Structures are given as structure tokens and as C-alpha cells.
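Taken together, the values in this text are just the output of simple stated rules run on the coordinates, not laboratory data. Because the structure is a prediction, the values reported are computed rather than measured. In this analysis, Cβ positions are derived from the backbone assuming ideal geometry, glycine residues included, and neighbour counts consider all displayed protein chains.
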Amino acid sequence: MIVARLLKNAHLRRCAAPFVVQRTSGYASRLMSCAPCIWTFLNSLIRSYFNSYPGNFSSVRWMGRFRSYLCLCKVKISFFASLSAAAGLLLSAQSPGSTLPILTTGVFLVACGACALNHWQERNTDALMARTAGRPIPAGIIKSVHALYLAIILICSGCAVLLSVGAVAPLLGLAAVLWYNGLYTWLKTRTAFAVIPGALVGAIPPAMGWIAGGGSLWEPRLAVISFFFFMWQVPHFFIHMLAFGKEYEEAGLPSLTAVFTGSQLYRLTFQWIIAAAVSLQFVILFGLIQSPIVRISLFAASLWLAMQGINFMRVRELGYITVFRRINYFMFIVMLLMFLDKLPAFL
């Protein structure tokens, strides 16, 4: 009933249109075309809910503060971390059962805490760049000590939740926090190549899911999964540097734009995008995907991502944000296909 009422909103009708017109297909190209609509639809649904609620929450002061805390926790990044943990679980367990919601909740809380802690750690350098000066702490919306307390609470809460699925998962969560907030954040102020060790953080949530599903930490298939998620992380950083590298230089921070020319960074980004597309094939080759249709769809998704890399190299007017989003759409579709492959386990 609530959804039907919200769909009266004209903007939501436009976002939902592809779901009415397009029928479900096993072909990855159709899924890729739906991904932006899915993302826009969910965002619009949430906004419409708050805007249509009696009392108009969007105009209330505390709602703005709530959004600032969401920004502090980088909820979109944290959401992707929880999805990657879910993917690891689905690839490991025969029947995920009640483990799935517990795992994703715990990983989401730990990721939110790590992101909030990162905001606290970088509050001084954030104030030096136009892109980050409006973040909650440098903008004075949230006090730094409150951000620190929130980060500690979220990390501890997430680890407590993860204890329900075993002792290894919370230990891996703490390892991710130490690597991200300890090593990576420190390296960012020392070297322009901090992204390579930093991207290893993205390989940990799938491992948490794999272990929670009963898999072994030393299994070769886990290495393949973690390798794919690691490879997917790196192109993000190069695109980010192409867009904002000069700001890092002006703030006195190491930047790849001071090491490479623009053309070299474009080529590096292209190479890492192709490498990420190829790395997905190892997931298929190691027998982690059972359905032939899903295998074909994943192969098609890899080809689609490779084409995005080629277009980015040839037509540089595509824009950094466009390519950045398409890389995220690729991962979203990959994890959706992994879920569809394991769907019989839920039935």
C-alpha cells in the first residue's frame, strides 16, 4: 500500500517504468541497462517517503543532521561492503539461511564505523580541499569527538553481531579496520600509490562471508573471489585521481597526477578496468557458479565492462563520474547474478 501510494509520484513512475516495460532476461546487457534505473528508483523511493510523510520530515532540522551522519558513515560504500560479504556467503554456503541477515548487518555496521573513523582521522586535510570541506566534521555540523564515539560504537556493535556467525568473522572485521584506518590512511599521506595496499580492504568482506558460510580460509576458491573484489577496487582510485588529483596536490598530499601525465593515468585506468573484467572469469573457471545462464551472463558483463574501458580510453569526454558509476553498476549486477545462481538454496 505504501509503495503504491509513493508510486503516484511522477518521478517514481518514470524510474519504475523500465521494470514494467522490460521483462526479466538472463542476458547481462538487459540487466546492465536496468541497473541505473534500480539505483535511481530506490533513491527516489526513500526520498519520496520522507517528503510525503505527514509533518514533512525533510524540512525538520534533525533530518538534516541524520543525513549528515549518513554521510559520515558513507552508507553507500558500507552497503557495497555488506553486499560483497553476502556474495562470499552465497558462494560458500549450500543454504545461507539466517546467517545472511546477521552477516550483512554486522559487516555494514563495521564498515560504517570504519568510514566514520576515517572522516575523523582526515578532518584536517578534508578542510583543505573544496571537494571535502563540506563534509560533516570540517563543516562543523558534527563535532569530531562525537564522530569518534560513533565510530567506536559502530565498530564494536558490528563485531558483536558478527560473533553470532563465528569467531573468525569479527576478527577479520577488526583486521579490515586496522588495515583501512591504520595502514591505508597513514600511507595516503606518505605515497601516491597507497591505493594498491588499500584496495586489499575490499577483499576482506567476501572472505568474511565465505568463512561464515563454512568455507576454509585457505581454500584456493576464496583467493579467487577476494582477488576479483581487489581488482575491482583499484580502477575507482585512478578515476578519482583523474578527477581530483590536483586538489590533493594543492592540499600538499601525494597524488598520482604529480607522478603520471593525464594520458598515462588514462592508460592505467583502462588497463585496470580490463584486468577487473578478466578477473571475473576466474570465478567462473573455478566452478563457483553453477547455472550455465548465469555463467554466460557474467561473461557478457565482463565484455560490457571491457567496452566501458575502451570507450573511456577513446572518448575521454564520457566523464569520470559516468565511468565511475558504470563500474559500480557492473559490480551490482555481478552480485545480483551470484544471488540468482544460489536462489534455489532459498526455495
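Table for the structure above
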read-out	value
Tally, over the stretch 151-160, of residues that are among the aliphatic types (A, V, I, L, M) and crowded, with 22+ Cβ neighbours inside 10 Å	3
Conditions (1) in contact with a Leu (Cβ under 9 Å, 6 or more places away or on another chain); (2) polar (S, T, N, Q); (3) under 30 Å from Leu337 (Cβ atoms); number of the one not met by Ser98	(1)
Tabulated pairs, the stretch 265-280, first surrounded by fewer than 17 Cβ atoms within 10 Å (Cβ to Cβ), second among the hydroxyl-bearing types (Ser, Thr, Tyr), C-beta under 8 angstrom, 6+ apart or interchain	Val278/Ser302
In the stretch 283-306, residue surrounded by the fewest Cβ atoms within 10 Å (Cβ to Cβ) [restricted to those that are among the small types (Gly, Ala, Ser) and free of Cβ contacts under 8 Å to residues at least 40 places away in the same chain]	Ala306
Checklist (1) of a type outside the set (S, T, N, Q); (2) within 12 Å of Val107 (Cα to Cα); (3) surrounded by fewer than 19 Cβ atoms within 10 Å (Cβ to Cβ) applied to Pro206, failing item	(3)
In the stretch 111-150, the residues that are touching a residue at least 40 places away in the same chain (Cβ under 8 Å), small (Gly, Ala, Ser) and exposed (fewer than 15 other Cβ atoms within 10 Å of the Cβ)	Ala130
